[in-house]
Structures are given as structure tokens and as C-alpha cells.
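Read the structure below first, then the notes.
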Amino acid sequence: MAQQDSFRIERINELVRRELVTLLKNETKDPRLANVVITDVLTSRDLSAAKVYYTVSEQDQKEVEILLNKASGFFRSRLSKTVDLRHTPALRFMFDPAPNTGARIDDLLSKL
């Protein structure tokens, strides 16, 4: 049963990620959000909350995080119309430092 639940959560995570990418691309007009890339979504087991990880250039990180979290209600309401879930999770946007770290490591290795 636990394995079925984890598989279901993984599918929901991917579905929410894809829908958020589409919403960012098609329904946001703020140019500060143009370079945001959604990297991962982690939904709680009870589907009440989801952490949405994103990347963007480091100088825009804080400003974009504030914008995304202020717009989380908009994204949640749009998700409720496109994703067939009994309850749409509350969204919390968090900066994902992993892609930038990988790029820095690649730069350092190329300099050797």
C-alpha cells in the first residue's frame, strides 16, 4: 500500500510541475518571471501542501521568490481547474540551489 501511495504522489508531483510550467509560460505577464524554471515539486502525503522548487539567476532569487509566493493563490486556483484532485495543495515556492551548484562545479573543473 505504501508503495502505491508513493507512486501516486510521484505522479501528482510531476503533473503539478508540468501544469505550473505551463501556467508560468502562458498565463504570467510579469517579465521577472520569464526565466523561472520549475525543477521539482514535493507534495505532502495528505496533498495539503506542496513545495515547489525553482531556479533563476541568483541576483533575482529573493525578488522572484517573493513574487511567486505572493502569486501562489493564483497558481493554486488555476491548478484546481486543470488538475483533477479533491483538494489542490497549498503551494510554497523555494529556490533550488542544486542546478547553480552543478554549473559552478563544471566551471571549476573546466578551469583545471
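The values are calculated or read from the model by the stated rules, or taken from the named source; none is laboratory data. Since we're looking at a predicted model, the values are computed, not measured. Backbone-built Cβ (ideal geometry, glycine too); neighbour counts: all protein chains shown.
All but one of (1) within 12 Å of the chain's Cα centre (by Cα); (2) assigned to a helix (DSSP H, G or I); (3) under 15 Å from VAL64 (Cα atoms) hold for LEU15; state the number of the condition that does not hold.
It fails just one condition, (3).
Could you look through the range 18-35, keep only residues that are over 9 Å from the mean Cα position of the chain (by Cα) and among the hydrophobic types (A, V, I, L, M, F, W, C), and pick out the one that is nearest to PRO89 (Cα to Cα)?
Among those that are over 9 Å from the mean Cα position of the chain (by Cα) and among the hydrophobic types (A, V, I, L, M, F, W, C), it is LEU23.
Taking the range 15-52 on its own, how many of its residues are out of contact with any Ser or Thr (no Cβ under 9 Å at 6 or more places or on another chain), of a type in the set (Asp, Glu) and either modelled with pLDDT of 95 or more or over 18 Å from ASP84 (Cα atoms) (or both)?
3
Picking from LEU20, LEU67, LEU47, which residue would you name as being in contact with a His (Cβ under 9 Å, 6 or more places away or on another chain) and surrounded by 14 or more Cβ atoms within 10 Å (Cβ to Cβ)? Working first, answer last.
On the way: LEU20 fails: in contact with a His (Cβ under 9 Å, 6 or more places away or on another chain); LEU67 fails: in contact with a His (Cβ under 9 Å, 6 or more places away or on another chain).
After applying the criteria, what remains is LEU47.
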